[in-house]
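Student: The structure's right below; bear with me while I get my questions together.
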Amino acid sequence: MKDEKIPLRSEIPQSDKWDLSTLFKNDSDWETALSQIERDADAVAQFQGRLGECAETLLAALKAYEALWKNVELVDNYASLMHNADESDERAADMEGRANMASTKASAQTSFFDSELAAIPQEKISAWIERDDFSDYKIFIQKLLHAREHILSEKEERILALQGEAALTAYKTFSVMENVDLNNLFGSVEVDGKKLPLTQTTWTEFLENPDRAVREKTYKQFYGVFEQHQNTLANLYAGSVNQDVFESRARGYKSSLNAALFGNKVPENVYLNLIETVHKNFPALHKYYSIRKRVLGVEELRHYDVYVPLVKDVQTKTSYDEAVEICREALAPLGSEYTDTLCAGLKGGWVDRYENQGKRSGAFSSGAYTSYPYILLNYKDSIIRDVFTIAHEGGHSMHSYYSAKSNPFMQYNYTIFEAEVASTFNEELIFRHLLKNANDSAMKNYLLAMRASDILATLHRQTMFAEYELKCHELVEGGTPLTAPVLRKTYRELLEQYFGPEMHFEDSSDMEGLRIPHFYSAFYVYKYATGISAALALAERVCSGGKTERDDYFAFLKSGGSRYPIESLKVAGVDMESAEPIQSALDKFSQIVDELERQLL
């Protein structure tokens, strides 16, 4: 049997690629738009020092500002999608680089805009935005004014904008170190009689191997390399945390957490409630690990035992077109308009379907205000999880579709806090549909085990990460330097709390806290946990409700950036300021754990 060859980009049929013509017809049009960015930025710069002159001047400036960033969005998306489709394409890499440079330059040139607009007297600006001709900009202005007390002077804002590239040094260095320098030091692991390279990519694959010796060697070898560089890694993360603390203090926030949540009006109790509620529900999580220990038949459960599947993969083959039809059937509670639009996009020009050489791994959804909400996939018909991925990314794209359709450009972008709701909502409906239609116990058990693992990874694990981030920032804000011993002790204490008494850790287990890329985007990961909690609550509400509940959910999808995230989710029917959605999601996890215990033991 021949090894399956990954095709070149040029060998992929056009029908399996996305149609980027809704961004630009060709590269020549993109070049024209790229050159326009500098002229658009100059047009905005002409208004510097004049935004408060009168309503007409501000309106003209807003229109110029909108034109600039509309074009930047198109230029950035086209170049980024071209590059992600084939990272070995030098021309695409050059295009993305030039797009990023043009965007950064435009940001610096127009950095005066926020501070100058915020300096307009409240009485004057309040009267102006009530005019009909300001309707497309009213919410944008109101949201900007919400942060007025933390917007600095024009000179200070320009300094921070110019410092933006340097502020990324810790993350960029970490990324290169983790993905390039250390990646060459992990060595190899013997799997099925063959020596295979241990890399960031194969690490996950080897930890899922049913051979415990493979898992143990992989784990110890991998973290052993990180441990040899613990002080450098600790200094890099400390640098990132110190940067967060610097920026929050420079802008006058009371803490780094406050700075991260303020812009979206997310109360701090949302973050703290999440952590507290997960802690209260540790018994079900610890029970899951107890079940895992018994199913695996090990005397001691080790940290390298947590990723091997509880239930063996069920052999299935689902073509891409069949997967799309599964999405149509599973998402039927959302109505035919939703499913027809989504499925037409999935079969039309929205999606780049299959793997090719040089293509970015994984999946994502991305688009511009006037373009398709594009989806990158690496679909494999032998992996049932890839059906969930189509639904997940389709949820993001339909959220973008309704947001753009229902809002002017300056208020159509929704927040990351809301983004994970629409995607995981769709995953829940896929799970329900497949479980209901599973024709044997093997498939049912596989789906239950996969769902438990997904909820754990998205809710419990991300909450542990969020708690670690909070503790690290509070240590620095309280005057404690983040050294390697301090970071490792902090992370180990959390590992022991979350995994419970059944888990036995290695000396190097706490190195995990120094290798998570998301930590370099502070206070981001909690949104995965709140997102899946909201999604599970809304899926139950829509599936057990009627037209009113469905309409409420669509009101959320159509909100875009017209509301703050807590408000838009309240419109959908879920209050994230309370612990109820978190508790409901944890109850769902507990029910699945109980069912797994009945089925597997």
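Student: Give, as residue ranges, the helices (runs of 4 or more DSSP H) completely inside region 233-312 that count at least 1 residues that are among the basic types (K, R), touching a helix residue (DSSP H, G or I) at 6+ places or on another chain (Cβ under 7 Å) and open to solvent by 40 Å² or more (accessible area, probe 1.4 Å).
Tutor: Details: elements: 256-262, 268-280, 282-296.
Answer list for region 233-312: 282-296.
Student: Go through region 429-438 and give me each residue that's over 25 Å from L296 (Cα atoms) and surrounded by fewer than 17 Cβ atoms within 10 Å (Cβ to Cβ).
Tutor: Applying the first criterion (over 25 Å from L296 (Cα atoms)) to region 429-438 yields 429-430, 432-434, 436-437.
Listed by number, the residues that qualify are K436, N437.
Student: Same structure, new question: Scan V387, V421 and give me the residue that is closer than 28 Å to V266 by Cβ and of a type in the set (V, I, T). Explain how you work it out, then say what you get.
Tutor: Working: V387 fails: closer than 28 Å to V266 by Cβ.
The conditions single out V421.
Student: Out of (1) open to solvent by less than 30 Å² (accessible area, probe 1.4 Å); (2) in contact (Cβ under 8 Å) with a residue 24 or more places away in the chain, the odd one out for T339 is which?
Tutor: Unmet for T339, out of (1) open to solvent by less than 30 Å² (accessible area, probe 1.4 Å); (2) in contact (Cβ under 8 Å) with a residue 24 or more places away in the chain: (2).
Student: Listed residues S80, S15; which is assigned to a helix (DSSP H, G or I), of a type outside the set (V, I, T) and open to solvent by 40 Å² or more (accessible area, probe 1.4 Å)? Spell out the reasoning first.
Tutor: Details: S80 fails: open to solvent by 40 Å² or more (accessible area, probe 1.4 Å).
Of the residues listed, the single one that is assigned to a helix (DSSP H, G or I), of a type outside the set (V, I, T) and open to solvent by 40 Å² or more (accessible area, probe 1.4 Å) is S15.
Student: If you don't mind, there's one more thing I want to ask. Can you tell me which of (1) touching a Leu at 6+ places or on another chain (Cβ under 9 Å); (2) touching a residue at least 40 places away in the same chain (Cβ under 8 Å) is the one E506 doesn't meet?
Tutor: Single failed check for E506: (1).
Student: Among the residues of region 122-146, write down those that are assigned to a loop (DSSP other than H, G, I, E, B), within 32 Å of the chain's Cα centre (by Cα) and surrounded by 15 or more Cβ atoms within 10 Å (Cβ to Cβ). Give the derivation first.
Tutor: Step one: filter region 122-146 for residues assigned to a loop (DSSP other than H, G, I, E, B), giving 129-131, 135-137.
Now drop any that are not within 32 Å of the chain's Cα centre (by Cα), which leaves 135-137.
If the condition is that a residue be assigned to a loop (DSSP other than H, G, I, E, B), within 32 Å of the chain's Cα centre (by Cα) and surrounded by 15 or more Cβ atoms within 10 Å (Cβ to Cβ), then D136, Y137 are the ones that fit.
Student: When you check N356 against the structure, is it open to solvent by 20 Å² or more (accessible area, probe 1.4 Å), assigned to a loop (DSSP other than H, G, I, E, B) and touching a residue at least 24 places away in the same chain (Cβ under 8 Å), yes or no?
Tutor: Values: open to solvent by 20 Å² or more (accessible area, probe 1.4 Å): no; assigned to a loop (DSSP other than H, G, I, E, B): yes; touching a residue at least 24 places away in the same chain (Cβ under 8 Å): yes.
Against the criterion (open to solvent by 20 Å² or more (accessible area, probe 1.4 Å), assigned to a loop (DSSP other than H, G, I, E, B) and touching a residue at least 24 places away in the same chain (Cβ under 8 Å)), N356 does not qualify.
Student: Here is a follow-up. Among residues belonging to region 202-225 that are under 25 Å from the mean Cα position of the chain (by Cα) and of a type in the set (S, T, N, Q), point out the one that is surrounded by the fewest Cβ atoms within 10 Å (Cβ to Cβ).
Tutor: Here the answer is T204.
Yes/no matrix, rows are residues, columns are (1) within 23 Å of the chain's Cα centre (by Cα); (2) open to solvent by less than 10 Å² (accessible area, probe 1.4 Å); (3) under 17 Å from L301 (Cβ atoms):
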site	(1), (2), (3)
R461	yes, no, yes
E467	yes, no, no
E477	no, no, no
T483	no, no, no
E493	no, no, no
S509	no, yes, yes
G513	yes, yes, no
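Student: Still on this structure, please answer the following. For region 168-204, give me the residue count where each residue is in contact (Cβ under 8 Å) with a residue 40 or more places away in the chain, of a type outside the set (S, T, N, Q) and assigned to a helix (DSSP H, G or I).
Tutor: Kept after step one, since they are in contact (Cβ under 8 Å) with a residue 40 or more places away in the chain, are these residues of region 168-204: 169-171, 173-175, 177-178, 182, 185, 201, 204.
Add one more test, that the residue is of a type outside the set (S, T, N, Q), and what stays is 170-171, 174, 177-178, 182, 185.
Cutting the leftovers down to assigned to a helix (DSSP H, G or I) gives us 170-171, 174, 177-178, 182.
So the answer is 6.
Student: Sticking with this structure for a sec: Can you find a residue in region 29-52 that is touching a Gly at 6+ places or on another chain (Cβ under 9 Å), hydroxyl-bearing (S, T, Y), more than 20 Å from K359 (Cα to Cα) and assigned to a helix (DSSP H, G or I)?
Tutor: Checked region 29-52: no residue is touching a Gly at 6+ places or on another chain (Cβ under 9 Å), hydroxyl-bearing (S, T, Y), more than 20 Å from K359 (Cα to Cα) and assigned to a helix (DSSP H, G or I).
Student: Does E73 fit the bill of being within 30 Å of A119 (Cα to Cα) and open to solvent by 20 Å² or more (accessible area, probe 1.4 Å)?
Tutor: Values: within 30 Å of A119 (Cα to Cα): yes; open to solvent by 20 Å² or more (accessible area, probe 1.4 Å): yes.
Considered against the rule, which asks whether it is within 30 Å of A119 (Cα to Cα) and open to solvent by 20 Å² or more (accessible area, probe 1.4 Å), E73 comes out as yes.
Here's the yes/no breakdown for (1) farther than 27 Å from V241 by Cα; (2) of a type outside the set (A, V, I, L, M, F, W, C); (3) open to solvent by 50 Å² or more (accessible area, probe 1.4 Å):
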residue	(1), (2), (3)
S153	no, yes, yes
L160	no, no, no
A167	no, no, no
F174	no, no, no
E178	no, yes, no
S188	yes, yes, no
K194	yes, yes, yes
L198	yes, no, no
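Student: Go through region 477-509 and give me each residue that's assigned to a loop (DSSP other than H, G, I, E, B) and either touching a Phe, Trp or Tyr at 6+ places or on another chain (Cβ under 8 Å) or of a type outside the set (V, I, T) (or both). Full working, then the answer.
Tutor: We begin by selecting, within region 477-509, every residue assigned to a loop (DSSP other than H, G, I, E, B); these are 478-483, 500-502, 505-508.
G478, G479, P481, L482, G500, P501, E502, F505, E506, D507, S508 - these are the residues of region 477-509 that are assigned to a loop (DSSP other than H, G, I, E, B) and either touching a Phe, Trp or Tyr at 6+ places or on another chain (Cβ under 8 Å) or of a type outside the set (V, I, T) (or both).
Student: Kindly evaluate E116 against the criterion of being of a type in the set (D, E), in a helix (DSSP H, G or I), open to solvent by 20 Å² or more (accessible area, probe 1.4 Å) and touching a residue at least 60 places away in the same chain (Cβ under 8 Å). Can you show your working first?
Tutor: On the way: of a type in the set (D, E): yes; in a helix (DSSP H, G or I): yes; open to solvent by 20 Å² or more (accessible area, probe 1.4 Å): yes; touching a residue at least 60 places away in the same chain (Cβ under 8 Å): yes.
Yes: the conditions hold for E116.
Student: Next up: Give just the number: which of (1) open to solvent by 10 Å² or more (accessible area, probe 1.4 Å); (2) part of a helix (DSSP H, G or I); (3) small (G, A, S) does A522 not satisfy?
Tutor: Of (1) open to solvent by 10 Å² or more (accessible area, probe 1.4 Å); (2) part of a helix (DSSP H, G or I); (3) small (G, A, S), only one is false for A522: (2).
Student: Separate question: Pick out the one residue from A60, A33 that is in contact with a helix residue (DSSP H, G or I) (Cβ under 8 Å, 6 or more places away or on another chain) and small (G, A, S).
Tutor: Numbers: A60 fails: in contact with a helix residue (DSSP H, G or I) (Cβ under 8 Å, 6 or more places away or on another chain).
Within the list A60, A33, the selection yields A33.
Student: Mind counting the residues in region 136-167 that are among the hydroxyl-bearing types (S, T, Y) and free of Cβ contacts under 8 Å to residues at least 40 places away in the same chain? Talk me through it step by step, then tell me what you get.
Tutor: So in region 136-167, the residues among the hydroxyl-bearing types (S, T, Y) come out as 137, 153.
Pick out the ones that are also free of Cβ contacts under 8 Å to residues at least 40 places away in the same chain and you get 153.
So the count comes out to 1.
Student: Name the single residue, out of those in region 585-601 being in a helix (DSSP H, G or I) and more than 15 Å from P283 (Cα to Cα), that is least open to solvent (accessible area, probe 1.4 Å).
Tutor: Of everything passing the filter in region 585-601, L596 is least open to solvent (accessible area, probe 1.4 Å).
Student: In region 92-102, what count of residues is obtained for those that are at pLDDT 95 or above and surrounded by fewer than 21 Cβ atoms within 10 Å (Cβ to Cβ)?
Tutor: So the count comes out to 2.
Student: Kindly check whether there is at least one residue in region 439-453 that is in contact with a Pro (Cβ under 9 Å, 6 or more places away or on another chain), farther than 19 Å from A585 by Cβ, buried (at least 20 other Cβ atoms within 10 Å of the Cβ) and of a type in the set (F, W, Y). Talk me through it step by step, then tell me what you get.
Tutor: Taking region 439-453 and keeping what is in contact with a Pro (Cβ under 9 Å, 6 or more places away or on another chain), we get 446, 449-450, 453.
So of that shortlist, the ones also farther than 19 Å from A585 by Cβ come out as 446.
This time we only want the ones that are buried (at least 20 other Cβ atoms within 10 Å of the Cβ), so: 446.
Checking which are of a type in the set (F, W, Y) leaves us with 446.
Yes, region 439-453 contains at least one residue that is in contact with a Pro (Cβ under 9 Å, 6 or more places away or on another chain), farther than 19 Å from A585 by Cβ, buried (at least 20 other Cβ atoms within 10 Å of the Cβ) and of a type in the set (F, W, Y).
Student: Let me ask something else about it. If a residue has to be of a type outside the set (A, V, I, L, M, F, W, C), within 20 Å of D16 (Cβ to Cβ), over 12 Å from the mean Cα position of the chain (by Cα) and open to solvent by less than 20 Å² (accessible area, probe 1.4 Å) to count, how many in region 379-428 make the cut?
Tutor: 3
The values are calculated or read from the model by the stated rules, or taken from the named source; none is laboratory data. Keep in mind that what you see is a predicted model, and the values were worked out from it rather than measured. With ideal geometry, Cβ positions are generated from the backbone for all residues, glycine too; neighbour counts draw on all protein chains shown. What goes into the accessible areas is simple: the full protein's heavy atoms, side chains included, and nothing from ligands, DNA or RNA. Shrake-Rupley method; radii C 1.70, N 1.55, O 1.52, S 1.80 Å.
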